[in-house]
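Here is the structure we will look at, set down as structure tokens.
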Amino acid sequence: MTRTTTSLTRRARVLGAGAALLLGVSALAGCSAHPGQAAIVNYTDADGVLQTFTLSEQEVQDATQDLAEYAAAGGEQGPTAAFVVTALADLPAAEQLAAEFDIEVSDADALAELQAQKDIDYSPAAVDTYRYVQIANQVFALEDQDAVSARYQELHGGLSVEASPRYQGGGAWLLQDDTQLQLG
């Protein structure tokens, strides 16, 4: 899951905070029976096919470190590992919602935004996490929030997430104007 994003404008950061509240409720349960895995996510895609993916602890650590470097370049604090896990686990629902509301955020766009602030080799998980934030920003900006929220809850309800206890809680990502993008 590699996707890139760039630094947030003040308006986007403010929208992101609200979008995260809209999008960020993941039911995370413990998975100590899966060493090296941060989470296992099951969902049904738009074609009705059951999909499963695993987030490794290494992917989460890499993304958290990359995004900490990105944030530090702008004088910000990076996201927590719990935020990264929650965002990546929730990404399939956010992507489907984005598609239904004609929102497009490409991996290339996300990576270009990240590299504009700090030019490093971002991990795919870091790009996906930042892409999730960008999708959330655009979803929150939509006018019919009741319809958007109802559809998101429906999509989110189709996710099954088994996460290590160390990644529970969603965490927050403190952005440049002290706005927190809060999940979970």
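None of the figures in this text is laboratory data; all of them are computed from the coordinates on show. Source: prediction; values computed, not measured. Virtual Cβ from ideal backbone geometry, glycine too; neighbours counted across all protein chains shown.
Put simply, the C-alpha atoms of the range 79-153 give a gyration tensor, and the ellipsoid matching it has half-axes of 23, 14, 10 Å, longest first.
What is the Cα radius of gyration of the range 62-112 over 2.2 N^0.38 Å, N being its residue count?
Compared with the compact-globule rule of thumb, the range 62-112 sits at 1.31.
The simple spin-label model puts a point 7 Å past each Cα toward its Cβ; for SER106 and GLU143 those points are separated by 2.8 nm. Placing dummy labels 7 Å off each Cα toward the beta-carbon, the span from GLU154 to ALA73 is 4.0 nm. Here the range 84-125 is treated as a sphere whose radius is the Kirkwood value from Cα pairs; by Stokes-Einstein at 10 °C and 1.306 mPa s it diffuses with a coefficient of 137 µm²/s.
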